[in-house]
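The values are calculated or read from the model by the stated rules, or taken from the named source; none is laboratory data. Since we're looking at a predicted model, the values are computed, not measured. Don't worry about glycine lacking a Cβ; one is built from the backbone with ideal geometry, like all the others, and counts go over all protein chains shown. Side chains are part of the model used for accessible areas, which takes the heavy atoms of the whole protein and leaves out ligands, DNA and RNA. Shrake-Rupley method; radii C 1.70, N 1.55, O 1.52, S 1.80 Å.
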Amino acid sequence: MAQSSSVGPVGAAVGYRPSATLPFRAEFRRQASRRRTQLALGFMVLLPLIILIAFQFDSGGDDDNGRGEFASLVDLATSGGLNFTLFSIFVSSSFLLVVVVALFCGDTVASEASWGSLRYLLAVPVPRARLLTVKLVVALVYSALALVLLAGTALLAGTLRYGWSPLRSQVAAELAPGEGLVRLLAVLGYLAVILLVVAGLAFLLSVTTDAALGAVGGAVLLWILSSILDQITALGGLRAFLPTHYSSAWLGLLSTPVQTDDVVRGAISAIAYATLFWGLAFWRFTRKDVTS
Amino acid sequence: MRSPLPVARIRRALAGRPRRLVAAVVVVVLVAAALVWAARPDRTGFRTESALVTVRSGPAGDQPVDLDTTLYLPDDASARHRVPAVLLAHGFGGTKESVRSDAEDLAARGYAVLTWTARGFGRSGGEIHLDSPDYEVRDAERLLDRLAARPDIRLDAAGDPRVGVVGGSYGGGLALLLAAQDRRVDAIVPMITWNDLSRAFLPESTGKGPTEGVFKKGWAGIFFGGGGNAGSGPAGLSGTAAAQPEGAPASAGAPSPQPGAGPGTGPGRAPAGAADPSCGRFAADVCAAYLRIATTGRADGPAVDLLRRSSPAGVLDRITAPTLLVQGEADTLFPLTEADANARGIAAAGTPVRVAWFTGGHDGGAGPTSDSDRVKFLTAQWLDHYVKGDGAAPGDSFTFSRIAGFDALDRGLVATGFRTADYPGVTGQVRREVTLAGPAQAVANPPNGNPAAISSVPFAGALGSLLDGVAGDIPGQHARFESEPLADPVDVVGAPTVRIRAASATGEAVLFVKLYDVDPQGGATLPDGLVAPVRLTGLPRTVEEARPVPVTLPAIVRRVEAGHRLRVVVATSDQAYATPAEPAVHTVALGDGPLVLPTVDATPIPTTATVWRWVLAGLLAAIAVGLVVVVLVARRRHRRQDSSIHPAYAGVPLAVRNLRKEYADGFVAVSDVDFEVRPGQVVGLLGPNGAGKTTTLRVLMGLTQPTAGEIYVFGHRLVPGSPVLSRIGALVEGPGFLPHLSGLENLRAYWRATGRPWADAHFDEALEIAGLGDSVHRRTKNYSHGMRQRLAIAQAMLGLPELLVLDEPTDGLDPPQIAEMRRVLQRYATDGRAVLVSSHLLAEVEQTCTHAVVVNKGRIVASGPVEEIVGESPSVLFDVSDPDAARGVLDRLAGVRVLPDGDGGLVVDTNGTARSEVVAELVRAGIGVDRVVPRRRLEDAFLALVGENSRGSGDR
């Protein structure tokens, strides 16, 4: 057996630096190797293609896509790549993306706890705040990746199939493709901000439970609860405090001129909630006894 | 039960679970807050007095009429604190109830608000004279008298109350006429009302008078129906009005321009003697005039005179009360030009006038929230300054708004407000010219105006006219003239003008000129459904001979985007208007001039959105600052952390001092543990299940905070996350691997997480110890328990840490592997390294370890070198044929003592006496000795514990 290494500063082993533990790359690879990551990201690529194929079955003559100003998104979906992307985002924003973000952010700590590998990371020792930071950043990167994959695939497939046409919606006049792309990116950006609430909630649950399913499911359930409460107009002004209240404000980004009022308020709401949840998560995790 | 036990238990529970207590308190507070919010009493702050009062009016002031009134009086109004008053008039077809919410808002602002149901409506008596100066206006004068007589209303002079008059539509007309007739009025806010009633109902856009006007039959019919027998209005109309999203009176808040609740909504009480079914509650002269106009589609002189009597147009120079004119853009009944005429007339007399346009109106209701908020603000500002005497002079800046699109959340319209210093009128500040093109076209006038184009539907709301885009021009009945796509956008604010030529065999034609905004896809939008009716006379037979006629199009506020075209349509029919019944064919062509679009240079009104933007920026900044502060504090705390080396333990791999761990529920897992692991030692932490071994190791690994005591690793104080932990390799509470990775990948992933150099890991040696062979490339989820255990030990040894801590390392291993593990551990504890092994198996500790620490129930019961503990103890186990006899023999031996232990055999403390001597003595006494087994100290200690009680100590 070889002679062990000599001693580094503050009594640490040679080569050990707290800030070098659990590098982002390492955590990124840890998560990338997981089947659920691959499946979730793969589905993000697959979904636009499935929608595309489904539109091929359009028999025509049936335009009963419901009423309201926004049913037009469905009708316009096949008018061009940008509109197809918009439609793909529209159908996935209310639930699918929520689940995916909750999966990435809710599973990350809880699953390590359930495997028992969390205590070995803490014994490395990876400082707890660093562990959380790295895990959170990587989870957010994967969430963003999912969003980008979904939009990117939809844009690519939609453009190949339906062409590079202006962005149309009945909310506003037609937008030139360049302008439309900018709007689309703004919509994606706003969605990403809104989903921070889910990310925050799922992450907070993730550090409080050892059951990954509990964290993911809990975050999705609370999101749904908030959406239901938001439908109850009797709550009046209280609804503005629900994290989901501004979740569809991105539609305002499609109008001309762009309506940013609700977008700004939604961003404030989402960032405030996310900060609160993440703050609680860090506060809790850096103090708790890890017994799993 | 009076025993103190439950109390003590509760106290303990409360003390032991502060977190739950806090959570419970938070929940209770939240629920209570929600209940209080839900059950909070409605805002009052004022009281109401309803009364049916009789006033005398009419030309001679001697005709009594009953008026249904409600006075909203602020609670603090009294003779010593007199309050200013507001006379709040309702719209046509409404009652005092239509303006209740507005009245409540004003009352909350400190005004005494008098609302009443105008004569001819609801419970009030009398007939409808259309805001006649002799009737409705005089009624209102009498109401002013009543206000002046009250002890709690502020007076300017005896009999002259401090009063503002506010009203929309019919009520707005009353406000203007009252202010012209009665100098006691201090300020007025007429909304969406008329200047000249005859022009409003008989408009003509080339500048001809009402006798040449085109009858606005749609609106006229609705109003005539609304003033008829209560409840007998056109079916569904009252419903339409009530269902208007923006127009519902109750939803609109402070002085909101309301067209009225629509006909028939008031608590109907047909006045006694409403004999004529064709007139309903209309006064006979009004009714007769309407019947004449509606029959012919033309107004005669007396009818126009009657309507002009009810119009402010002729009396504007008598208005001295400062006037805030609020007019709706979505208003086909009283368009913006009516307010424009009022504004110019009043301003000419030197009276302060302010004009505001909003996106609602008789068609658009109260408009989007931002608009109704602006109107409320302007109204309150106006009244506060000119009636209450609060606040600075509002100034005379002109504000207007433009529909900006749909609200994504509320599914309503969104309006952007604009402001400019001076009121530019409807002709704009700057005029932009757009050239139209199109050949002369023949258009047919349909007989009896049917089928007719639909440009607007009264009360349908702005949404419909905006969304539907194409307003249904009938082929063959309209001519189109279009511009090229605009190079850049143009913001039209005001009334565009265009010149057309027309020819007809009949010599005259009624035409409707409209301006469409046509998007690049061909979708045409008629802004707010507004059309300009013209009646052309003396027309030549061919269009070549025709003279161009200037047509003033309706005033609009609209942004025409770049790339859009402008289209002027000249149609022969419109459902909202009465057209000649005779069929005819006219020819229409463009005149000699361009289309002139008025524009206004205005700046957007900052909204709360700007504030929110700052809030967002502030929030982000606060988060950034907060993060920096947290990081700095953490760094500082980290730097302050004791990094000194305790000199006494500098060379000691592990020193545990008075360790105590008490869990949140009060359970003491470790009460006082104190031991050392020195270089070269393999120390066994021995104890039964639940003795506190695992808790000790958890603290040692920084997973759990100790309640008291310290741990030193090479002299460094160990706390969770201490860097010195990097010199410890651990297996605690079983292996923990990523199930989807192979054994080797797991080890690599672990080492990657340490961030230490790859070469320091010594993978080969670790893998050799794991001894997994090719299985190291299989996924760990398929591993057996033993394989995982070996991989976990290998992981603990990665980097060859100076202290190896293994919790039950042989768990799951087979005997040869256990033997191998022993050798590995003994070999490992060389070169200054040390190993700490926890086990509940005596034999394992005995065979593997150099030193042992025996713990039970969280305390150390024995510790020292294994040889020392294991070494021969003075006690011996004797298996004898006759224990009782043997006991007697042994008791006689000096110093020898029989211990009260041993089943079947005798445990004897020989206390220095040689075993051979004791055996000889027994044999001598004739007792057969089967076995003599020397006892060892460790076993003694351990069995004493286990024998005592190995159950019920719980998991530690």
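Just a few scattered comments:
- Magnitude of the charge dipole, chain A, Cβ model with Lys/Arg +1 and Asp/Glu -1, debye to 20: 1500 debye
- If you plug the beta carbon distance of residue B:625 and residue A:129 into 1/(1 + (r/R0)^6) with R0 = 30 Å, you get a FRET efficiency near 0.95.
- Our estimate of slack between residue B:582 and residue B:419, defined as 0.36 nm per intervening residue step minus the Cα-Cα distance, is 53.9 nm.
- The range B:669-744 shape via C-alpha gyration tensor axes, a/c threshold 1.5: prolate
- Hull-based mean projected area of the range B:648-868, where the convex hull spans the alpha carbons, in square nanometres: 11.9 nm²
- Taking the Cα centre of chain B as reference, the dipole from Cβ charges on Lys and Arg (+1) and Asp and Glu (-1) amounts to some 1540 debye.
- Taken as entire DSSP H runs, the helices of chain A that both span 24 Å or more between Cα atoms along their own long axis and average 0.5 or more on the Kyte-Doolittle scale are A:35-56, A:96-115, A:128-162, A:177-208, A:212-231, A:261-285.
- Site pair residue B:441 and residue B:784 shows an inter-label distance of 9.2 nm when each label is modelled 7 Å from Cα along Cα→Cβ.
- 1.4 Å probe, heavy atoms, protein only - residues of the range A:246-268 losing at least 50 Å² accessible area vs chain alone: A:259, A:264, A:265, A:268
- Peptide packing for A:107-113, B:523-529, B:434-440 was compared via the average number of neighbouring C-beta atoms within 10 Å per residue; ordered from the highest value, the list is A:107-113, B:523-529, B:434-440.
- Radius, Kirkwood style, for chain B when every pair of distinct Cα atoms is counted (Å): 37.0 Å
- 13 Å cut-off, amide nitrogen to a point 7 angstrom out along residue B:37 Cα→Cβ, residues in the range A:236-260: A:236-243
- Other residues with beta-carbon under 11 Å from the beta-carbon of residue B:390 carry, at +1 per Lys or Arg and -1 per Asp or Glu, a net charge of +1.
- Counting protein heavy atoms only, the protein assembly as shown has 57 percent of its accessible area on carbon and sulfur, 1.4 angstrom probe.
- The residues packed around residue B:894, meaning those with a beta-carbon under 12 Å from its beta-carbon, carry a net charge of -1 if Lys and Arg are +1 and Asp and Glu are -1.
- Given charges at Cβ of Lys, Arg, Asp, Glu: the protein assembly as shown dipole, positive-most of B:279, A:143, B:368: A:143
- Evaluated over the range B:623-769, the Cα radius of gyration and Dmax, each in Å: 18.0, 52
- Listed peptides B:627-633, B:597-603, A:11-17 by packing density, highest first (mean Cβ within 10 Å): A:11-17, B:597-603, B:627-633
- Total accessible area lost when A and B pair, probe 1.4 Å, Å² to nearest 100: 5900 Å²
- Selection among B:322, A:45, B:200 by position relative to the dipole of the protein assembly as shown gives A:45 as farthest towards the positive end (Cβ unit charges, Cα centre).
- Using R0 = 51 Å, the C-beta based FRET efficiency linking residue B:868 and residue A:14 works out to 0.90.
- Distance between modelled label sites at residue B:887 and residue B:396, nm, 7 Å Cα→Cβ extension: 12.5 nm
- Multiplying the residue separation of residue B:60 and residue B:541 by 0.36 nm and removing their Cα-Cα distance gives an extension gain of 167.7 nm.
- Where chain B is the region considered: accessible area per residue in Å², 1.4 Å probe: 41 Å²
- Whole-number Å³ per residue for the convex hull built on Cα positions in the protein assembly as shown: 252 Å³
- Net charge over other residues, Cβ less than 10 angstrom from the Cβ of residue B:521 (K, R count +1; D, E count -1): -1
- With the charge dipole of the protein assembly as shown set up from +1 on Lys and Arg Cβ and -1 on Asp and Glu Cβ about the Cα centre, the Cα lying farthest toward the positive end among the listed residues B:888, B:702, B:446 is that of B:888.
- Mean Kyte hydropathy of 1.6 or more with a Cα span along the axis of at least 27 Å, helices from DSSP in chain B: B:18-39
- Each Lys and Arg contributes +1 and each Asp and Glu -1, all at the Cβ; summed about the Cα centre of the protein assembly as shown, the dipole is approximately 3000 debye.
- Counts of other chain beta carbons within 10 angstrom of each beta carbon in peptide B:751-763 average 6.
- Lone cysteines, chain B (no partner Cβ under 4.7 Å): B:849
- The range B:430-601 shape via C-alpha gyration tensor axes, a/c threshold 1.5: oblate
- Label zone at residue A:289 (point 7 Å along Cα-to-Cβ), backbone N below 17 Å, the range A:201-217: A:208-210
- For the range B:109-161, averaging the sequence separation of C-alpha pairs within contact (under 8 Å, six or more residues apart) and dividing by the residue count gives a relative contact order of 20 percent.
- Protein heavy-atom accessible surface, 1.4 Å probe, per residue over chain A: 40 Å².
- A Förster radius of 30 Å, combined with the Cβ-Cβ distance separating residue B:610 from residue B:521, puts the computed FRET efficiency at roughly 0.35.
- Difference of contour (0.36 nm per residue) and Cα-Cα distance, residue B:643 to residue B:30: 216.2 nm
- Rg/Rh (Cα only; Kirkwood hydrodynamic radius) as it applies to chain A: 1.06
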